[in-house]
Amino acid sequence: MTLSLKDRINTIFENENFEDDKEVIMKIKTLLAELEDETSDSPKSKSLAQIFQDGFDLLVKPPKLISTSVKAFDDKFGGLALGEFVVLGARPSMGKTSLVTQLASQISKEVPTLFFSFNLSEKQLFYRFLALEKKIDAMGFYSRSFLEEHWVDLVSLKDELEVKKLFFNISGVTTLSDFRKECEKYIKENKVKVIIVDCLQDLSSSKRWNNREIEMGLICRELKKISREYGVCVIATSPLSRATEFRPGKRPQLSDLRESGSIEQEADKVILIYRPEYYDIEYWDNEDMSLTENEAELILAKNKMGMLGSVRVRFNKNLGIFENSENNYKIIGDFSFLESRLGEIGFENEDNIPF
């Protein structure tokens with residue numbers, strides 16, 4: 001027998017203990033979403049013919065892609081896409097925060113972007129973006145040693161940043177219920193299409209878990225659900241385990257992700273950063289044995305929608321910027337990136353956002 005909404009709510013309060021009102025609200029919202037899904041007239045299953053038709057429609061109108069600003073990666077793998085949950089993993093000092101900061105700066109030129117930073121203060125973010133936008137060593141700001149002509153750039157930067165569609169959240173939102181609430185607010189009010197989380201492990205559920213991997217599974221499923229439900233791209237950084245340090249060559253792999261089982265399963269794409277120079281490895285382990293100085297490798301270790309592989313790029317340590325390497329890379333496929341297809345970004349259904 002199917003329980004009524006009233007009976008379901010009564011059952012919840014009889015059988016569960018809640019620590020605060022936020023957890024109660026989150027539970028009721030989940031229940032309402034489940035009930036709406038149960039009463040929806042939309043079909044739960046599709047015929048193969050319908051799936052083919054929907055797929056054919058995608059060929060006529062290709063999915064919207066987002067440039068990472070690293071041309072080598074975009075040309076080989078097609079960048080990122082709306083509706084994806086992407087994880088960026090690396091050991092400390094590899095450049096995780098640098099890369100997502102660069103992504104935020106690039107994407108927000110055209111697409112509203114929400115950035116959750118749990119590791120950087122407002123001042124640190126300020127210095128990072130100054131260095132990124134004006135190519136000035138961040139240490140120069142701390143030591144006040146930058147050149148006089150840089151002041152002209154700094155004065156003009158304010159106007160340039162005002163046109164960016166970038167929103168920062170450094171309020172300390174860490175629970176899933178608060179995180180979802182904040183995402184929904186910015187999706188509705190500012191038409192946010194990309195959400196960046198630095199870092200994934202700083203989020204937690206309201207409920208206390210004895211097993212961190214189970215909790216991470218819940219967190220990853222929620223981020224993936226947000227990406228699907230609202231058609232946004234969710235990008236989250238994640239540290240890697242020390243297993244990388246004991247491997248010859250120290251090249252990271254998918255299983256190095258912290259609490260890796262859940263992240264591996266839920267992510268649509270996993271990108272790993274490898275900088276052998278950090279480990280005093282002087283030459284790349286390839287045929288030409290080229291120097292590793294100022295270079296990094298972006299490894300696409302999981303990709304539900306395409307090929308796996310890696311591209312080599314330059315890494316400017318002083319500025320914290322990933323740039324195209326002078327080394328050759330093979331261009332595979334022909335992709336249409338978001339900046340050249342802005343009319344198709346898809347705000348036409350904004351009145352139907354489900355909250």
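Computed from the coordinates by the stated procedures, all read-outs in this text should not be read as laboratory data. A quick note: this is a predicted structure, and the numbers were derived from the prediction, not measured. Cβ atoms come from the backbone with ideal geometry, glycine included; neighbour counts cover every protein chain shown.
Can you tell me which of 76-83, 276-283 comes out highest on packing, and rank the rest after it, using the mean Cβ neighbours within 10 Å?
76-83, 276-283
Take every DSSP beta bridge whose two residues both sit in region 190-307, then give the antiparallel share in percent to the nearest 5. Spell out each step's value before the answer.
Details: 8 of 12 bridges.
Counting only bridges with both partners in region 190-307, antiparallel ones make up about 65 percent.
Rank these for me by crowding, Leu125, Leu176, going from fewest to most other beta carbons within 10 Å.
Details: Leu125 17, Leu176 23.
The most exposed by this proxy come first: Leu125, Leu176.
Search the structure for amide H atoms under 5 Å from the amide H of Asn324, placed 1.01 Å from N in the peptide plane, and list their residues when 5 or more places away or on another chain.
Under 5 Å from the amide H of Asn324: Lys71, Arg314.
Too long at a 20 Å Cα-Cα cut-off: which of Lys96/Lys165; Lys109/Lys317; Lys96/Lys207; Lys76/Lys304; Lys61/Lys109?
Numbers: Lys96/Lys165 22 Å; Lys109/Lys317 24 Å; Lys96/Lys207 28 Å; Lys76/Lys304 15 Å; Lys61/Lys109 23 Å.
Beyond 20 Å: Lys96/Lys165; Lys109/Lys317; Lys96/Lys207; Lys61/Lys109.
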